[in-house]
Each structure stands twice: as structure tokens, then as C-alpha cells.
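Participant: Before anything else, here's the structure in question.
The values are calculated or read from the model by the stated rules, or taken from the named source; none is laboratory data. From a predicted model like this one, the values you see are computed outputs, not experimental measurements. With ideal geometry, Cβ positions are generated from the backbone for all residues, glycine too; neighbour counts draw on all protein chains shown.
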Amino acid sequence: MPRGRGAIAAILTGLLIVGSAAGSQTGPEPLATELLREIVGIRSSEAFPDNTQRLLEQLGQRLVEAGFSEGDVTFIDAGRLNLVVRYRGTGLRAPLLTMGHVDVVDADADSWHADPFTLAEIDGYYYGRGTIDNKSGVVALVANFIRLRAEGYEPDRDIIMVLTGNEESTMGGISYLARERRELIDADFALNTDAVGGGELDANGEPSTFRIQMAEKRYQTYELMATNPGGHSSRPRPDNAIYELAEALVRLRRYQFPIQVSEIARESFRVSGERTGGEEGELLRAAGAETADPEALRRLAALDPLASSTMRTTCVATMLEAGVAENALPRVAKATVNCRILPGVEPSHVLATLREVVADESIEIRPVQSGGTVASLASPMRDDVVQPIRQLVDEIWPGTAIMPEQATFATDGLFVRNAGVPVYGVSGLFGDTGDSRAHGLDERVRVDGFHDSIEFWYRLLKRFSS
């Protein structure tokens with residue numbers, strides 16, 4: 001088990017009592033497990049908006065029953081329901097914002113080993129859609145709001161919890177809150193449970209590194225479309241739309257955007273290099289130097305796909321559509337290309353690059369308006385944020401390295417950063433190296449890691465509010 005688990009176990013047993021005191025414990029499970037079981041069991045994907053609403057309404061009701069006033073449990077309808085909860089403090093300091101999302105990417109039950117929408121405990125893991133992204137994070141916030149309320153805890157600042165209902169699709173909830181209801185989420189800084197900011201276990205299952213997410217790529221989707229008059233399949237044309245599109249996609253596959261190393265990425269490489277042996281460790285250390293050798297960066301990018309995605313904008317084909325019948329030449333062939341764009345790089349530059357790489361004026365390339373996010377600069381490495389996290393990690397998981405991280409994906413944090421609130425991703429979950437299953441098959445979280453994260457967030461909320 002990870003270091004610190006034994007010390008935490010005794011504290012966690014208190015959750016059973018807290019759940020009963022709050023009127024939310026109905027069985028032998030601790031409150032956190034009960035909550036995880038409840039919300040994993042609700043299929044809150046884009047295709048089932050009523051489920052997302054029901055999930056948030058149930059969580060809101062739990063918080064009211066735990067002692068939060070209905071005036072501090074606010075539902076915001078922005079195309080999907082969102083929930084904002086305020087834990088009132090003394091007001092000595094500016095509020096702290098905490099974040100999570102309850103919606104999930106849908107899952108095909110026939111492909112999973114267990115029903116993705118029923119929490120299953122198998123060989124030391126909780127399996128279920130959302131266990132990593134992001135329902136464990138939601139539980140960490142809700143369970144600890146209830147626990148702290150039951151203890152009569154009075155923070156020295158308001159603690160705000162925002163749970164959004166469409167992070168995995170349009171991010172319309174957080175966008176609306178940042179644009180139209182800024183007063184509900186205004187804070188000194190934000191802690192985001194939905195982040196790459198978590199922990200990594202070494203080969204022996206021991207905590208190795210703890211990541212604090214400080215920057216994110218933005219995403220933008222583009223559509224590539226080839227057209228021609230079509231015709232009967234018995235008389236093939238030399239300008240077949242499918243072939244032309246396929247040739248364009250092959251050219252795109254062979255292209256790589258230039259390497260750009262940010263301050264956050266450089267520090268991340270440096271810390272990783274100190275704990276990694278062999279050729280990869282050597283390359284990581286070289287990449288973490290103030291003046292990195294371009295050849296070392298190129299070799300690292302070729303060796304490690306994650307490092308490559310951290311250092312460059314990426315564009316990849318994700319969907320295809322062509323033809324209407326097996327005996328008809330296609331008039332239209334379309335490809336969806338999803339780009340993850342480094343901070344500071346403009347989508348207009350990416351679009352121009354795509355046109356240059358495709359090198360075929362007959363193929364239309366256009367941004368998909370619903371498929372993009374706003375740009376977001378990195379959050380500053382504030383000592384008053386980083387040091388308390390570092391101290392807490394040392395207490396729970398001694399010897400674990402702290403590493404800033406630039407995510408290769410986008411979260412609701414983009415809009416909060418752009419609203420002027422720095423965002424730091426700290427999920428508190430440790431995972432096995434190379435076994436990230438968010439959005440994938442058989443998504444899972446370690447049972448002990450889940451409970452460690454609940455305790456981590458309990459202490460973290462108190463550390464930043466007392």
C-alpha cells in the first residue's frame with residue numbers, strides 16, 4: 001500500500017460516524033464510498049441530460065440535509081444544470097474556489113468487464129465510468145463539505161464548490177458562470193479536482209511524484225472536406241473524394257508541430273529526470289536544463305509520447321464520414337481533426353499550418369465553432385499555494401516529489417483562469433504508471449488511493465482555510 005495509508009485508515013473510520021450524524025449514512029459503507037456508488041450509478045453523459053440534473057439535485061439535497069442553507073446551495077441552468085455551494089467562513093480572507101464536474105463520457109456496457117454504471121470493487125480497484133474523471137473528485141468535495149459541517153468547522157474564508165454538468169462537451173456551465181455570474185465563483189484562487197494534478201506510483205506501488213497542474217492546452221476541432229461531382233461506381237473518377245482526403249490525412253500524420261518548452265514543462269522534466277534512470281532519465285534532465293539541447297528534446301519527444309504532447313501542439317484525425325451507397329462514388333468526404341494547442345499559440349496559426357501541410361486547395365479546412373475552447377495562460381507558481389500542498393504531501397506521502405504540470409487536455413479551469421482566478425489542479429489520486437483509463441475501457445481507481453484522496457482533500461481544505 002502507498003505510504004501514509006496506515007495513518008489515514010484510522011481517521012477514515014470516522015467518516016462512518018460523520019455520515020450518520022449528517023443523516024446521509026444508510027448502510028455500513030463510509031460516506032465517501034456511498035457517494036461514489038450513488039453517482040457512478042447515474043449515467044450522467046451528454047446523451048442523458050436528465051440524469052445529470054438528477055445527480056446534481058441529489059447532491060444538493062444531501063448538502064441541505066447536512067446543514068447548508070438553501071440560499072447557499074445554488075442551481076444554475078446554462079443549458080445543463082450546474083451547482084454552486086458556498087461554505088460560509090469568517091471572511092478574514094478572500095474565498096477559495098474548488099471545482100469538479102459530474103458529467104462523463106459515455107461507455108458501452110458490452111465492452112466492459114463490469115457494468116460501467118455500477119460501482120464494482122475488483123482486486124483492490126473501484127471500477128466504473130467517472131471513477132477517475134471526475135466523480136472521485138466530486139465525492140472528495142461533497143463528502144468533506146459534509147464532514148466539516150458535521151464537525152462544526154468554521155473556516156477563515158468562504159469555500160466555494162462548483163460542480164458543472166457539461167465539462168465533457170461544451171463547457172457551457174463554467175463559461176456562463178465566469179461570464180454572467182462571476183460573483184458566485186470569485187475567489188483568491190481555485191483548486192480543481194479534475195486535473196492531471198495527482199500522483200504517480202512507482203513499480204513497487206509506492207508514491208513517486210505528485211503533480212500540480214498549472215497550465216492546460218486549449219483544444220480546437222477542425223473539419224477537412226473533399227468534394228467532387230461523384231457518379232456511378234462502375235465508372236471511377238481520378239479525383240475520388242475519399243482518396244484525396246486520405247492523402248491529405250497521411251500528410252498530416254507525417255507532420256509534427258515545432259517543439260516549444262514552457263517554464264512549467266521544463267521544471268516537470270527536471271523533477272522527472274531526477275527520479276528516472278537510463279536513457280529516458282538522461283533525456284529528461286537535459287530537457288529540464290535552462291538551455292536544453294534541441295537534439296535531446298527531439299529524442300525525448302520520440303521516446304515518450306506524453307513528453308512530446310507536452311512540448312508541441314498536436315493535431316490528430318478522430319472521425320471520418322464519406323459516401324452514401326456502396327455503388328456510388330462519394331460526392332463528399334469529411335474528416336474531423338482534433339488539435340490540442342499549446343498556451344500562447346493562436347488557432348489561426350494552427351489553421352494556416354494545416355492548410356500548408358495538406359497542400360491541396362480543393363480540400364476545405366474550417367474550424368468547428370462548437371469544438372473549441374478559449375486560450376488560457378499558465379497560473380503563477382505562487383508560494384502561498386504550492387508550499388502548503390508540498391507540506392501536506394510530505395505529511396501523507398513522505399519522500400514524494402512535487403512536480404508542476406502542463407496538461408495536454410483542457411478542463412473547466414480554462415474559463416476560470418480567464419476570469420482572473422488562478423487555477424491549480426490537485427486531484428490527490430495516485431495511479432499506476434501508464435494505466436490512465438479516463439474516457440477509456442474499464443475506468444478504475446485504486447480503492448486505497450480513493451480513500452487517501454478523500455483524506456488529502458479534508459486536510460487540504462482546512463490547510464487553506466484556517
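Participant: Filter segment 175-199 for residues that are β-branched (Val, Ile, Thr) and surrounded by 24 or more Cβ atoms within 10 Å (Cβ to Cβ) and give the result.
Facilitator: Filtering segment 175-199 for residues β-branched (Val, Ile, Thr) gives 185, 193, 196.
The one that is β-branched (Val, Ile, Thr) and surrounded by 24 or more Cβ atoms within 10 Å (Cβ to Cβ): Thr193.
Participant: Determine whether Arg299 is within 30 Å of Met381 (Cα to Cα) and either among the acidic types (Asp, Glu) or modelled with pLDDT of 90 or more (or both).
Facilitator: Working: within 30 Å of Met381 (Cα to Cα): yes; either among the acidic types (Asp, Glu) or modelled with pLDDT of 90 or more (or both): yes.
Answer is yes for this residue.
Participant: Does segment 270-285 hold any residues that are free of Cβ contacts under 8 Å to residues at least 40 places away in the same chain and either surrounded by 20 or more Cβ atoms within 10 Å (Cβ to Cβ) or out of contact with any helix residue (DSSP H, G or I) (no Cβ under 9 Å at 6 or more places or on another chain) (or both), and which are they? Give the derivation first.
Facilitator: So the first thing to find is which residues in segment 270-285 are free of Cβ contacts under 8 Å to residues at least 40 places away in the same chain, and the list is 270, 273, 276-285.
Within segment 270-285, Gly273, Gly277, Gly278, Leu283, Leu284 meet the criteria.
Participant: Right, next: Is there a residue in segment 446-458 that is in contact with a strand residue (DSSP E or B) (Cβ under 9 Å, 6 or more places away or on another chain), farther than 20 Å from Met381 by Cβ and basic (Lys, Arg)?
Facilitator: So far as segment 446-458 goes, yes, one or more of its residues are in contact with a strand residue (DSSP E or B) (Cβ under 9 Å, 6 or more places away or on another chain), farther than 20 Å from Met381 by Cβ and basic (Lys, Arg).
Participant: Determine, yes or no, whether Ala241 is within 23 Å of the chain's Cα centre (by Cα) and aliphatic (A, V, I, L, M).
Facilitator: On the way: within 23 Å of the chain's Cα centre (by Cα): no; aliphatic (A, V, I, L, M): yes.
So Ala241 fails the test.
Participant: Go over the candidates Thr276, Thr314, Thr310 one by one and state the one that is at pLDDT below 90, of a type in the set (S, T, N, Q) and under 26 Å from Gly425 (Cα atoms). Show your work before the answer.
Facilitator: Values: Thr314 fails: at pLDDT below 90; Thr310 fails: at pLDDT below 90.
Criteria check complete, one pass: Thr276.
Participant: Please go through segment 43-57 and pick out each residue that is over 16 Å from Gly137 (Cα atoms) and either of a type in the set (Asp, Glu) or in contact with a helix residue (DSSP H, G or I) (Cβ under 7 Å, 6 or more places away or on another chain) (or both).
Facilitator: Correct list: Arg43, Glu46, Asp50, Glu57.
Participant: Also, quick follow-up: Hey, could you check segment 38-74 for residues that are surrounded by fewer than 21 Cβ atoms within 10 Å (Cβ to Cβ) and either aromatic (Phe, Trp, Tyr) or touching a Pro at 6+ places or on another chain (Cβ under 9 Å) (or both) and say which is farthest from Asp115 (Cα to Cα)?
Facilitator: Among those that are surrounded by fewer than 21 Cβ atoms within 10 Å (Cβ to Cβ) and either aromatic (Phe, Trp, Tyr) or touching a Pro at 6+ places or on another chain (Cβ under 9 Å) (or both), it is Phe68.
Participant: Give, as residue ranges, the helices (runs of 4 or more DSSP H) completely inside segment 383-466 that count at least 3 residues that are surrounded by 24 or more Cβ atoms within 10 Å (Cβ to Cβ) and either touching a residue at least 60 places away in the same chain (Cβ under 8 Å) or of a type in the set (S, T, N, Q) (or both). Step through it out loud before you land on a result.
Facilitator: Values: elements: 383-396, 413-418, 447-463.
Here the list reads 413-418, 447-463.
Let's see how each residue does on (1) surrounded by 13 or more Cβ atoms within 10 Å (Cβ to Cβ); (2) in contact with a Lys or Arg (Cβ under 8 Å, 6 or more places away or on another chain); (3) without any contact (Cβ under 8 Å) to a residue 60 or more places away in the chain:
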position	(1), (2), (3)
Ala289	yes, yes, yes
Leu300	yes, no, yes
Ala307	yes, no, yes
Thr310	yes, no, no
Lys334	yes, no, no
Leu354	yes, no, no
Ser362	yes, no, no
Arg366	no, no, no
Val374	yes, yes, no
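Participant: Something else about it: So, Val350, is that one of a type outside the set (Ser, Thr, Tyr), in the same structural domain as Arg235 (by TED's automatic domain parsing), in a helix (DSSP H, G or I) and out of contact with any Lys or Arg (no Cβ under 9 Å at 6 or more places or on another chain) or not?
Facilitator: Details: of a type outside the set (Ser, Thr, Tyr): yes; in the same structural domain as Arg235 (by TED's automatic domain parsing): yes; in a helix (DSSP H, G or I): yes; out of contact with any Lys or Arg (no Cβ under 9 Å at 6 or more places or on another chain): yes.
Yes, satisfied.
Participant: Is at least one residue of segment 187-204 closer than 24 Å to Val368 by Cβ and either of a type in the set (Phe, Trp, Tyr) or free of Cβ contacts under 8 Å to residues at least 12 places away in the same chain (or both)? So that I can check it myself, show each step before the final result.
Facilitator: Taking segment 187-204 as the starting set, the residues that turn out to be closer than 24 Å to Val368 by Cβ are 194.
Still in the running and either of a type in the set (Phe, Trp, Tyr) or free of Cβ contacts under 8 Å to residues at least 12 places away in the same chain (or both): none.
No: zero hits.
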